Amino acid sequence: MLTDPNHSYKYDVDPDSQAFTNRRVFAYSDNGIPDGIQLDTAGRVYAGCGDGVQVWNAQGTLIGKFFLGSQSSNMIFAGQGRLVLLAETKIYLAYISGSVQGQDLESL
């Protein structure tokens, strides 16, 4: 059920084989299965969940939510301080204070 709590994992990546190793729980979602995961340049993790988008710090502690009242399965950063949230039947634009922007995964 979408409202049941769930969790996401983090892994180590073996540099030689590029294999995922050392699976462990990263964070718990209190409403639905985390989906459409994004990272920002400060190491925060964003995931679409059963009630909107939840945000965790780099240690996996829930630090905030974009409560939409419906499931969100994806989002994308749209420049500095802007996050586009895709809900079931609506699209939202969230303005985030500070210099928040999406992480360039190619640089990792």
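The values are calculated or read from the model by the stated rules, or taken from the named source; none is laboratory data. Predicted, not measured: the structure shown is a model, and the values here were computed from it. Note: ideal-geometry Cβ built from the backbone for every residue, glycine included; neighbour counts use all protein chains shown. Keep in mind that these areas ignore ligands, DNA and RNA; they rest on the heavy atoms of the full protein, side chains included. Shrake-Rupley method; radii C 1.70, N 1.55, O 1.52, S 1.80 Å.
Quick one: is Ile37 open to solvent by 70 Å² or more (accessible area, probe 1.4 Å) and either at positive phi or in a loop (DSSP other than H, G, I, E, B) (or both)? No; evaluated as a whole, the condition is false for this residue. Figure legend. Inter-residue proximity from the range 68-82: first residues under 12 Å from Gly32 (Cβ atoms) and touching a residue at least 60 places away in the same chain (Cβ under 8 Å), second residues among the acidic types (Asp, Glu) and outside any loop (DSSP other than H, G, I, E, B), beta-carbon distance below 9 Å, spacing 6+ or different chains. Indicated pairs: Gln71/Asp35. For beta carbons closer than 6 Å, sequence separation of 6+ or different chains, a first residue in the range 44-56 that is without any contact (Cβ under 8 Å) to a residue 12 or more places away in the chain and a second that is of a type outside the set (Asp, Glu) and surrounded by fewer than 22 Cβ atoms within 10 Å (Cβ to Cβ), the qualifying pairs are Val55/Arg44; Val55/Ile63; Val55/Gly64.
Residue-by-condition table, conditions (1) in a strand (DSSP E or B); (2) of a type in the set (Ser, Thr, Tyr); (3) modelled with pLDDT of 90 or more:
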{"position": "Ile33", "(1), (2), (3)": "no, no, no"}
{"position": "Ala58", "(1), (2), (3)": "no, no, yes"}
{"position": "Lys65", "(1), (2), (3)": "yes, no, yes"}
{"position": "Leu86", "(1), (2), (3)": "yes, no, yes"}
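Number of residues in the range 54-98 that are surrounded by 15 or more Cβ atoms within 10 Å (Cβ to Cβ), among the β-branched types (Val, Ile, Thr) and closer than 23 Å to Arg24 by Cβ: the value is 1.
Going through (1) open to solvent by less than 80 Å² (accessible area, probe 1.4 Å); (2) under 25 Å from Ser99 (Cβ atoms) one by one, Asp14 falls short only on (2). Reported count of residues in the range 1-31, each being assigned to a strand (DSSP E or B) and aliphatic (A, V, I, L, M), is 3.
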